[in-house]
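Here the structure is laid out as structure tokens; the discussion comes afterwards.
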Amino acid sequence: MDLTCIMLQGVLAVLVLCCIPNSTSKEFLQRWPVPYKRFATRPKADAYCQAKYTFCPTGYADGSIPVMKNEDTIEVFRLQAPVWEFKYGDLLGHFKIMHDAIGFRSSLTGRNYTAEWYELFQLGNCTFPHLRPGVEEPFWCNQGAACFYEGIDDEHWKSNGTLVHIATISGAIFNQMSKWLKEDNETGIYYETWTVQEQKKANASVWFESYDCSKFVLRTYQKLWELGAKFNKKIQTNYTRLFLYSREPTYLGNGSSIFGAHGNKSLAADIHKFYYPYRPHQSFKELLVSIVEIFDKVVLHKVFYLFYNFEYWHLPLMYPYIKITYEEIPLPS
């Protein structure tokens with residue numbers, strides 16, 4: 001997706017929908033938040049999906065992570081910088097839209113490494129689908145994956161963000177973490193932008209959890225702690241989160257049940273219409289029209305269609321509809 005569209009979608013973030021569907025498939029006791037679905041193995045990305053910026057260009061081609069000597073001492077660093085910092089400096093940092101990663105330094109070799117998790121095809125493609133001509137069902141390019149590469153770009157992380165030492169681990173712990181990281185990456189294959197919950201309160205019901213760069217960092221910190229890492233609790237750690245606020249969601253079905261030959265034609269048309277204003281490469285005039293349509297669907301009609309676990313859900317939105325936060329989540333202890 002082009003940058004103008006991504007900025008509209010990702011920063012202002014989405015507002016959404018038009019008609020409340022009249023189908024309520026699936027009668028069961030729903031578990032909240034809905035567990036993120038994992039897979040036995042990562043599928044090959046569809047050739048239709050194309051990234052403007054190559055995913056993990058300097059990472060190890062085979063996805064491997066170097067093995068450390070057990071007696072090595074590895075420093076662990078918290079890394080954070082504004083999204084798109086490489087292109088726009090601290091612009092998105094002013095809105096607290098930050099990207100998170102983890103750095104490692106081997107005492108025996110002096111080599112540095114970076115681990116991060118992000119979208120294969122940029123944020124816009126993970127948040128909204130493509131609507132292909134003549135194809136009723138929306139097409140998603142929403143894979144996300146871990147990227148591990150040698151080096152820490154000090155200037156990138158320090159200039160507008162954070163590079164701070166938070167823990168020291170042994171080479172043995174690092175190797176155990178590496179094995180877990182590869183398994184985690186192989187089974188958690190798609191990026192999810194939104195956290196969906198009922199209200200802004202701390203004890204509000206959470207319907208869906210995001211699955212993004214910050215969640216990767218939090219999972220890795222937790223695993224390191226379980227393996228014996230001791231973190232410096234004096235360091236404050238904040239993360240960017242994109243929220244949708246909704247009353248209890250309604251399950252709608254997967255692509256086959258909605259868009260298939262025996263699917264729900266009315267619901268299929270509503271979902272297609274809902275995503276249309278988020279299409280990429282719009283002219284300025286089209287963009288203005290789309291903004292008005294998004295406002296009407298989200299703020300006036302208070303509805304959103306969420307794609308999660310490769311299934312569709314209806315969200316009856318509630319004020320303030322959408323919010324970007326920068327919240328503290330302490331290091332494990």
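Just so you know, all these numbers are worked out from the coordinates, no wet-lab data involved. Since the structure is predicted, the reported quantities are computational estimates derived from the model, not experimental observations. We place every Cβ from the backbone using ideal geometry, glycine too, and count neighbours over all the protein chains shown.
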Once phi for every residue in the stretch 224-234 is put through the Karplus expression 6.51 cos²θ - 1.76 cosθ + 1.60 (θ = phi - 60°), the whole-Hz ³J(HN,Hα) values, with Gly and Pro written as x, are 4, 4, 4, 7, x, 5, 10, 9, 7, 6, 6
Among rounded, prolate and oblate, which fits the stretch 29-74 when a ≥ b ≥ c are the square roots of the eigenvalues of its C-alpha gyration tensor, a/c under 1.5 means rounded, and a/b larger than b/c means prolate? oblate
Peptides 68-74, 192-198: what's the order by average Cβ count within 10 Å, highest mean first? 192-198, 68-74
Across Gly124, Gly255, Gly144, the residue with the highest GNM fluctuation in the chain (Cα network, 10 Å cutoff) is Gly255
Once both labels are modelled 7 Å past Cα along the beta-carbon direction, what's the Lys200-Ile291 spacing in nm? 2.3 nm
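So, with +1 on the Cβ of K and R and -1 on the Cβ of D and E, and no other charges, what is the size of the charge dipole of the stretch 162-241 about its Cα centre, to the nearest 20 debye? Write out the running numbers ahead of the final one.
On the way: 11 positive and 8 negative charges, 89 e Å.
Computed about the Cα centre, the dipole is about 420 debye.
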Distance in Å, no decimals, from the C-alpha centre of the stretch 94-140 to the one of the stretch 195-242 is 17 Å
Run the numbers for Phe310 and Glu136: contour at 0.36 nm per residue of separation, minus the present Cα-Cα distance, in nm. 61.1 nm
For Thr73 and His281, extending 7 Å from Cα along the Cα-Cβ vector and measuring point to point gives, in nm, a value of 5.5 nm
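Find out how many positive minus negative residues lie around Ser210, taking Lys and Arg as positive, Asp and Glu as negative, among other residues whose Cβ is under 9 Å from that of Ser210.
Working: positive: Lys215, Arg241; negative: Glu192, Glu209, Asp212.
So the surrounding residues net to -1.
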May I ask which residue of Met177, Leu108, Phe148 lies farthest towards the positive end of the charge dipole of the stretch 103-203, with charges of +1 (Lys, Arg) and -1 (Asp, Glu) on Cβ and the Cα centre as origin? Leu108
Kindly identify the stretch 41-108 as rounded, prolate or oblate by the Cα gyration tensor criterion: order the square roots of the eigenvalues as a ≥ b ≥ c, call it rounded if a/c is under 1.5, otherwise compare a/b with b/c, prolate if a/b is larger, else oblate. oblate
Positive end of the dipole of the stretch 285-325, charges at C-beta (+1 Lys, Arg; -1 Asp, Glu), about the Cα centre: which of Asn309, Ile294, Ile322 has its Cα farthest in that direction? Ile322
Note, Ser107: beta-carbon cut-off 15 Å, +1 each Lys/Arg, -1 each Asp/Glu, net 0
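Can you pick out the pairs among Lys234/Lys323; Lys182/Lys223; Lys96/Lys215; Lys87/Lys158; Lys69/Lys179 whose Cα atoms lie more than 18 Å from each other? Working shown, then result.
Numbers: Lys234/Lys323 28 Å; Lys182/Lys223 13 Å; Lys96/Lys215 16 Å; Lys87/Lys158 15 Å; Lys69/Lys179 15 Å.
In this structure, Lys234/Lys323 lie more than 18 Å apart at Cα.
With the cut-off at 1.5 for a/c, could you classify the stretch 244-294 from its C-alpha gyration tensor as rounded, prolate or oblate? Don't jump to the answer; show the numbers that get you there.
Details: a/c = 3.22, a/b = 1.60, b/c = 2.01.
Judged from the Cα gyration tensor, the stretch 244-294 comes out oblate (a/c at least 1.5, b/c at or above a/b).
In debye, nearest 20: dipole of the stretch 228-333 around its Cα centre with unit charges on the Cβ of K, R (+) and D, E (-)?
Details: 12 positive and 8 negative charges, 64 e Å.
With Lys and Arg at +1 and Asp and Glu at -1, about 300 debye.
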At 0.36 nm per residue, and after removing the present C-alpha to C-alpha distance, how many nm does the segment from Ser159 to Tyr60 gain when stretched out fully? 33.0 nm
Is it possible to state the helix-based mean residue ellipticity at 222 nm for the chain, with each DSSP H run of 4+ residues giving -39500 (n - 2.57), the sum divided by total residues, to the nearest 500 deg cm²/dmol? What is it? -7000 deg cm²/dmol
Evaluate the charge dipole of the chain about its Cα centre and quote only its size in Debye, nearest 20, assuming +1 on the Cβ of each Lys and Arg and -1 on the Cβ of each Asp and Glu. 500 debye
Residue by residue through the stretch 297-314, what is 3J(HN,Hα) from phi via Karplus (6.51 cos²θ - 1.76 cosθ + 1.60, θ = phi - 60°)? Round to whole Hz and write x for glycine and proline. 6, 7, 7, 7, 8, 6, 9, 8, 9, 9, 9, 9, 6, 6, 9, 9, 10, 9
Taking amide H positions as placed in the peptide plane 1.01 Å from N, state which residues far from Ser170 in sequence (5 or more) or on other chains have amide H under 5 Å from it. Ile74
Ordering 291-300, 318-327 by per-residue average of other C-beta atoms within 10 angstrom, highest first, gives 291-300, 318-327
Could you give the angle, 0 to 90 degrees to the nearest 10, between helix 265-275's Cα long axis and the longest principal axis of the Cα atoms of the chain? 50 degrees
Using Cα springs under 10 Å in a Gaussian network model of the chain, which residue among Ala101, Ala51, Ala202 shows the largest mean-square fluctuation? Ala202
Which residue fluctuates most in the GNM of the chain (Cα springs below 10 Å): Gln282, Gln176, Gln236? Gln236
